[in-house]
Amino acid sequence: MSRTSQPGARAPKLRTWHWPELLFIAPFLILYVTFLLFPMAWGFWMSFNYYDLFAGFSEYIGLENYQQLFADQIYRRAVVNTFVFVAITVPPLVILGLLIALVLNRQTWWSAVLRTLFFGSTVLSVTIVTLIWRGVYLPQKGLLDNFLNAIGVGGIGILQDPNLALVGIAVTTVWWGIGLPMVLFLAALQQVPGEIYEAAKLDNASPWQTLWSITIPSIWRTVVLVIIIQIIAHFQVFGQINLMTGGGPNNSTRSMVQFIYESGFRQWTAGFASAAAQVLFVIMVIAAGLQFWASRRKQEF
Amino acid sequence: MATAGKTVGMPLGERLALIAVILLAILWLLPLVWVTGVSLKNNTELVVNPGAVFSAPYTIQNYIDLTKTSALGTWFRNSLIVSLSHTVLVLIVSCLAGYGFARIEFPGRNAVFIFSLVGLAIPGQAIIVPLHSFFNAFDLHNTYAALIIPGIATPFGIFLMTAYFRAIPAEIEEAARLDNASRFKIFWAIALPLAVPAMATLGIFTFLGTWNDYLWPLISATRPEMYTLTVGLAATQTNIDQSEGLGYLMAQSVFAGLPMLILYIFFQKYVVRAVAGAAIR
């Protein structure tokens, strides 16, 4: 590789790689295998074992953890709760997110202020959000019960009611998480070429027609993507539940991740908790596959 | 007054949508206003009359008590140390590997790259049990190391940085390569400065995620002096239902949330871009 090659001669072929250059990726690979792949594999192995973390004792028991898991009433309840939570959280996040994005997709100072407000709650940590909302939901003393008392309905103590507690947590979650779907929809709306709207105007299309036959189809890929992203995120719900109800009252809000946390770090049954973690992992892999498929589909409707 | 003029000309449906969003905005703001109000009230007055939030007198006594008795300062410092160190390490590891995957054509590169992305499908929650045992085996819980190290090798960071470095034309580096400059020198002097936007995305996203992380520090940091802000605040709210210090508790949430909100308002454009970019990948 000399610099004195003759003009007109073929450029010297650069050697594509040297051994020391693998140091670029070595730190990543070492940490990746040690702190992500190895724990994953170990967790898989753990799920076939009985672990006593205090005695440091373990024994291979085959599928027993899984049998015990699927027979566990509380776990079944947690699976149902998680699906219900996703079902009542994702639609409002997507629909309200889209509504807010449609209305705030304009260059005015007040839409900028409202965008800031709706995304602002997203940057708060889960403990701050739950501290605020536990205050709002406090029986009799909180904002909600104060309001209900004032209009004559009477306080409900929403987090203490087994039928309403999950709804209360879902409302908090929508308040916390609306920012992300909103900004994703706003980004998609800005990609829609303005000429299409001009053409629709010339055709005397009503705003309603324009929305359903132009706007929604143009951003359909983002709609699908947002739905999948939200499903993945809320399947893993833990913090709000652990902090607001601890899974109660009467297991009515316990989620799958909280089940893993409690069996692993409250009962210290690591093998059993790992079996529950493998189930979560399988569901997440399916969801990640869906996301991959959705984000790579080329055509818009 | 241009906006007012536009609103008048709006069709009915659009006007209804606008009203709905304004109502939503009020609903979104209400908890924040209420919490701020409660934090400025005398605790005994709140016990007697919880409805007194929206009327004077107000006091900053809760905030004064906070600075005297609360451990928020310690937890705040822990969160800062953990989040900053973690973010810097993620950036170093991801930039190096991203550049390596984008530019160094070693045999089997694509296979190793795909192997590195497999981890995208592993949710953090799925590995907390073995990860806890792992750090336990080295007696590392209740140390900064345990809070900082997990997640430094993030497949998302590799994905983002590799894509970014690949998009930079290789010709930019060719002159330097003909000069026999080392790869690292080229990376440091030429490629890295061009990758600052991607680093900002990854950095902000990582910092926010670490600052707000709850599950791992909850498991790993069990001594109050090692709590991060999220875990510390979680510990203070366990008895909220019986608490007679509601104003004090809410002052804590305002105090803890304010720095993040202020940072967000100043760097809004970058924060939004980072979070949205990370979600789409």
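The values are calculated or read from the model by the stated rules, or taken from the named source; none is laboratory data. Fair warning: this is a prediction, and the values are worked out from it, not measured in the lab. Backbone-built Cβ (ideal geometry, glycine too); neighbour counts: all protein chains shown. Accessible surface is based on the protein model in full, side chains and every heavy atom, while ligands, DNA and RNA are left aside. Shrake-Rupley method; radii C 1.70, N 1.55, O 1.52, S 1.80 Å.
Every residue, every condition in (1) within 9 Å of chain B (Cβ to nearest Cβ); (2) modelled with pLDDT of 90 or more; (3) within 22 Å of A:ASN242 (Cβ to Cβ); (4) part of a loop (DSSP other than H, G, I, E, B), yes or no:
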site	(1), (2), (3), (4)
A:VAL129	yes, yes, yes, no
A:TRP133	yes, yes, yes, no
A:GLN140	yes, no, no, yes
A:ASN146	yes, no, no, no
A:GLY155	no, no, no, yes
A:ASN163	no, yes, yes, yes
A:VAL167	no, yes, yes, no
A:VAL171	no, yes, yes, no
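Of all the criteria given as (1) open to solvent by less than 40 Å² (accessible area, probe 1.4 Å); (2) more than 10 Å from every other protein chain (Cβ to nearest Cβ); (3) free of Cβ contacts under 8 Å to residues at least 40 places away in the same chain, the one not satisfied by B:ALA279 is (2). Of the candidates B:ALA191, B:ALA137, B:ALA176, B:ALA181, the single residue that is under 27 Å from the mean Cα position of the chain (by Cα) and either assigned by TED's automatic domain parsing to the domain that holds B:TYR264 or not β-branched (Val, Ile, Thr) (or both) is B:ALA191. Just one residue in the set B:ALA97, B:ALA52, B:ALA121 is modelled with pLDDT under 85 and in the same structural domain as B:TRP188 (by TED's automatic domain parsing); that residue is B:ALA121. Every listed requirement among (1) surrounded by fewer than 23 Cβ atoms within 10 Å (Cβ to Cβ); (2) more than 9 Å from chain B (Cβ to nearest Cβ) is met by A:MET182 save one, (1). If you filter region A:240-283 down to residues that are in contact (Cβ under 8 Å) with a residue 24 or more places away in the chain and out of contact with any helix residue (DSSP H, G or I) (no Cβ under 7 Å at 6 or more places or on another chain), you find that the one that is nearest to A:ARG134 (Cα to Cα) is A:GLY248.
Just one of A:TRP208, A:TRP220, A:TRP175 is in contact (Cβ under 8 Å) with a residue 12 or more places away in the chain and open to solvent by 70 Å² or more (accessible area, probe 1.4 Å); which is it?
Values: A:TRP208 fails: in contact (Cβ under 8 Å) with a residue 12 or more places away in the chain; A:TRP175 fails: open to solvent by 70 Å² or more (accessible area, probe 1.4 Å).
Answer to the check: A:TRP220.
Inside region A:115-130, residues that are open to solvent by less than 20 Å² (accessible area, probe 1.4 Å) and free of Cβ contacts under 8 Å to residues at least 60 places away in the same chain make up a count of 6. Could you say whether any residue in region B:94-103 is open to solvent by 50 Å² or more (accessible area, probe 1.4 Å) and over 30 Å from A:SER255 (Cα atoms)? No.
What residue, of B:LEU246, B:LEU261, is within 7 Å of chain A (Cβ to nearest Cβ), more than 14 Å from B:PHE76 (Cβ to Cβ) and open to solvent by 20 Å² or more (accessible area, probe 1.4 Å)?
Numbers: B:LEU246 fails: open to solvent by 20 Å² or more (accessible area, probe 1.4 Å).
Selected residue: B:LEU261, the only one of B:LEU246, B:LEU261 that is within 7 Å of chain A (Cβ to nearest Cβ), more than 14 Å from B:PHE76 (Cβ to Cβ) and open to solvent by 20 Å² or more (accessible area, probe 1.4 Å).
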